[in-house]
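Each remark here refers to the structure printed beneath this line.
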């Protein structure tokens, strides 16, 4: 075979191999199994219930979603508005059936004005206590402009969104002395799964709940720890009555309050629950099929 023919054959083979490489390059992503990230996203999207304890720094924000329902409990700080917006958009949120504001402190309702301006909110559920000065004016303006319905709840009130049932357990008529203790205590149910959020309520409220609530209403799968893991909340007796599988603590990295405190972390472990923290783990995601609740890591 002449050298010229060899060169021609090699050129043809090289072109064919190049074409095969191009085809493989284009098709390989479809042929390979999905990445861990894609698999995780698929699991989240296919869950009957998604619970997102959103990392908003030293504050609180929890998003609960079903196929046709959406509930937001607290909205983080003024500073975390951009992070909250990005997270809600990433979850495809357009309408929020109920937005609950546990109490009128900036670290729990700082992003509420942004939510009211940029999303459709069916009903806002909050106490009649005046908001902090650093959120009051912008919040009030956004609320008026949004024309969102506002409800001041009472103990025993129930709000339903596509299978999600939210029951108000406290504060009772007359309330408590401090703003923190007048946080809305909410029990969320979906099928056989249950979640409790307590805002910044402290030991006095926990004792009141133990004395006044049906024990069946206190037993939950997931507890959002009170007051960012402060030693004022999440006491041993309260944990024993709730017997949660998971306790989520929402707090900022390196916060000046040293939240969460070690005594609370120890109490959670002694109660047999798993500690989950936004300061070390970022946003926490829990999923449920209506029977079992698990953490998606």
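The values are calculated or read from the model by the stated rules, or taken from the named source; none is laboratory data. In this text the structure is predicted, and so the values were computed from the model without any measurement. Here Cβ is always computed from backbone atoms with ideal geometry, including for glycine, and neighbour counts include all displayed protein chains.
Counting only residues that are surrounded by fewer than 18 Cβ atoms within 10 Å (Cβ to Cβ) and part of a strand (DSSP E or B), region 91-102 holds 1 of them. The residue list 72, 63 contains one member that is surrounded by fewer than 24 Cβ atoms within 10 Å (Cβ to Cβ) and touching a residue at least 24 places away in the same chain (Cβ under 8 Å), which is 63. Being surrounded by 10 or more Cβ atoms within 10 Å (Cβ to Cβ), in contact with a helix residue (DSSP H, G or I) (Cβ under 6 Å, 6 or more places away or on another chain), modelled with pLDDT of 55 or more and assigned by TED's automatic domain parsing to the domain that holds residue 279 is a property that residue 54 has.
Do we find that residue 207 is in a helix (DSSP H, G or I) and in the same structural domain as residue 292 (by TED's automatic domain parsing) in this structure? When the stated conditions are applied, residue 207 passes them. Comparison of 88, 84, 116 shows that the only residue that is outside any loop (DSSP other than H, G, I, E, B) and touching a helix residue (DSSP H, G or I) at 6+ places or on another chain (Cβ under 6 Å) is 116.
Just one residue in the set 267, 248 is without any contact (Cβ under 8 Å) to a residue 60 or more places away in the chain and assigned by TED's automatic domain parsing to the domain that holds residue 104; that residue is 267. Residue 120 passes every criterion in (1) at pLDDT below 95; (2) under 21 Å from residue 70 (Cβ atoms) apart from (1).
Annotation: residue 256 fulfils all but one of (1) touching a residue at least 24 places away in the same chain (Cβ under 8 Å); (2) out of contact with any strand residue (DSSP E or B) (no Cβ under 8 Å at 6 or more places or on another chain); the unmet one is (1).
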